Amino acid sequence: MKLATIGVGNAGSKLIDQMIEFEFETGRNLCRHALVINTARTDLAKPQHIDEDRRVLIGDTHRKARGHGVGGDAEIGAEVAKTDIDEIRRVFDDVEIHEVDAVLVAAGLGGGTGSGAAPVVIDELQKMYDEPIYGLGVLPGTYEGGRPALNAARSLQSFVNKVDNFIAFDNDAWRSRGQTIEQGYEEMNEELATRIVTLLAAGEVDESEVGENAMDSSDIMRTLDTGGVSSIGYASTDVSVTKEGLLAKFNESEEVQSESTDAAKIKGLVRRATNSRLTVPCDVSSADRALIVFAGPPDVISRKGVESAREWLEQEADTVDVLAGDDPRPDSSTLAAVVLLSNVTDTPRISEIQNQAVDAQNKIQQQDAVREEEIQSLITDDDNDLDPIV
Ligand code: GDP
């Protein structure tokens, strides 16, 4: 697939940057256009692979932003995006939309810029283009507290209602102990970029390498065409191929594998991808459609294995809509399986975030109600004998 990618806010921009880095490292070709939008000048300077003229600062004239961010306030994030929509549109105008199959908008949903401005950006994209728009959104961890949960629960509604598919990543599930938050984010961003790029870049292979089992962009787009929230699983293994083209090493085993053992290993890889940590934990059987991409040297992808892996996933996901195909990478020393579970409706983290958000909203409303009363009580003397000067 060929994508135009847009990162909104800090996390969204870092994710797009990381996707481009993974593309470069692995010789893939997915992101044809990349731009980032932010309210904070310092965050806008962070990406390493985005051209200067593809970085858009919004809200620099807004009295509550002024180039320093929106302080986690999603309402201000949305407001400044609306105010500066001409600026955003001007940068979109340079995107050669006929060169891409779809647009991907990435954002962290717990902050103010990504959660508030991204839905406004998506509205604008929809007015301008007919191409599908996919969302890539990071759900905040429980440990971040009530405000990020409230931003995320509200932004999720806007995102899912507006995009053709929303791919979710859950910071809670991917948090590991013994790391600083920044180290944790770096690792998470790499994991997410690996999954997204391995999945969406399939179908962009050199004409000479296209076999009849090659995954096509239209298969991926059809699987994403369900709307709703999607989750991705991934597993990989080292492979190396002997001169005769036989699979010599697959999971550290030295002996030459028989066809049936290779098939079992392909199925095992898909099973591992599906049962591993998904980008957002979910009940696999609640998926509407599913798709498997095998990225690696074509010689090690056993057809029998692909078929039995596909059948296995069909049962697990409890759907007849399961596609499987290859992304041939003759020079790669790994074989990866990416599993896309499209429109998963049973994702406990989303309910948890909503509950945390409702509690936070109630608390904020209560605080707002008593705030003015408390301030007046503080500045008024006991018998109300004093008057303000003006
Ligand atoms: P914004 O710029 O106002 O949209 O806010 P940020 O993008 O800095 O943060 C929004 C949310 O994204 C936070 O609440 C975190 O949950 C998450 N977040 C921030 N940075 C990263 C990152 O690098 N990786 C991941 N996975 N999540 C992040």
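Bear in mind these aren't lab numbers, they're just calculated from the coordinates by the rules spelled out. Bear in mind that the values here come from a model prediction, so they are computed numbers and not experimental data. So basically every Cβ, Gly included, is an ideal-geometry build from the backbone, and we count neighbours across all protein chains shown.
Quick note on the range 21-83: its Rg to Rh ratio, both from C-alpha atoms and Rh being the Kirkwood radius, is 1.09. Ordering Q126, G141, V80 by Cα displacement along the dipole of the range 72-146 toward the positive end leaves G141 in first place; charges were set at the Cβ atoms of Lys, Arg (+1) and Asp, Glu (-1). Distance from the Cα centroid of the range 64-91 to that of the range 306-372 is 29 Å (rounded to whole angstrom).
Based on the alpha-carbon gyration tensor of the range 34-173 and its eigenvalue square roots a ≥ b ≥ c, which shape applies: rounded if a/c is under 1.5, prolate if not and a/b is larger than b/c, or oblate? Cα axes put the range 34-173 in the oblate bin. To make sure I understand the rule: partners must be lysines, Cα under 24 Å from the Cα of K2, and not fewer than 8 residues away in the same chain. Which ones qualify? Excluding near neighbours in sequence, the set is K14, K127, K162. Taking the Cα centre of the range 121-182 as reference, the dipole from Cβ charges on Lys and Arg (+1) and Asp and Glu (-1) amounts to some 300 debye. Every Cα-Cα pair in the chain was counted, and those over 25 Å apart are 58% of them.
Legend: calculated FRET efficiency, I375 to R90, from the Cβ-Cβ distance at R0 = 51 Å, rounded to 0.05, equals 0.75.
From the alpha carbon centroid of the range 177-206 to that of the range 122-173 is 18 Å.
Counting other Cβ atoms within 10 Å of each Cβ, which trypsin sites (Lys or Arg not before Pro) in the range 134-193 have at most 11 and sit in a DSSP loop? Numbers along the way, then the final one.
Details: sites: R154, K162, R175, R177; in loops: R175, R177.
Filter output for the range 134-193: R177.
Pair-distance distribution P(r) for the range 93-210, from all Cα-Cα distances in 5 Å bins starting at 0: 2, 10, 18, 19, 18, 14, 9, 6, 3, 1, 0 percent. Only the Cβ atoms of Lys and Arg (+1) and of Asp and Glu (-1) were treated as charged; on that basis the dipole of the chain about its Cα centre amounts to roughly 440 debye. For A45 and S276, what is the calculated FRET efficiency with R₀ set at 45 Å and r taken between the beta-carbons, to the nearest 0.05? Efficiency for this residue pair is about 0.80. Distance between the pseudo-spin-label points of A214 and V358 (7 Å out from Cα toward the beta carbon): 5.0 nm. Among T194, S332, P281, which residue has its Cα positioned farthest towards the positive end of the charge dipole of the chain, with +1 placed on the Cβ of Lys and Arg, -1 on the Cβ of Asp and Glu, and the dipole taken about the Cα centre? Among T194, S332, P281, the one farthest towards the positive end of the dipole of the chain is S332. Straight-distance candidates among the lysines for linking to K267, with alpha-carbon spacing under 16 Å and chain neighbours fewer than 8 residues away dropped: K304.
GNM on the chain, alpha-carbon springs under 10 angstrom: the most fluctuating residue among A357, A168, A264 is A264.
In the chain, the longest principal axis of the Cα atoms and the axis of helix 113-128 are about 70 degrees apart.
Sketch the reach of a paramagnetic label on D225 as a point 7 Å from Cα along Cα-to-Cβ, and name the residues of the range 279-295 whose backbone nitrogen lies under 17 Å away. Correct set: 288-292. When shorter helices are ignored and each DSSP H run of at least 4 residues is given -39500 (n - 2.57), the per-residue value for the chain at 222 nm works out to -14000 deg cm²/dmol.
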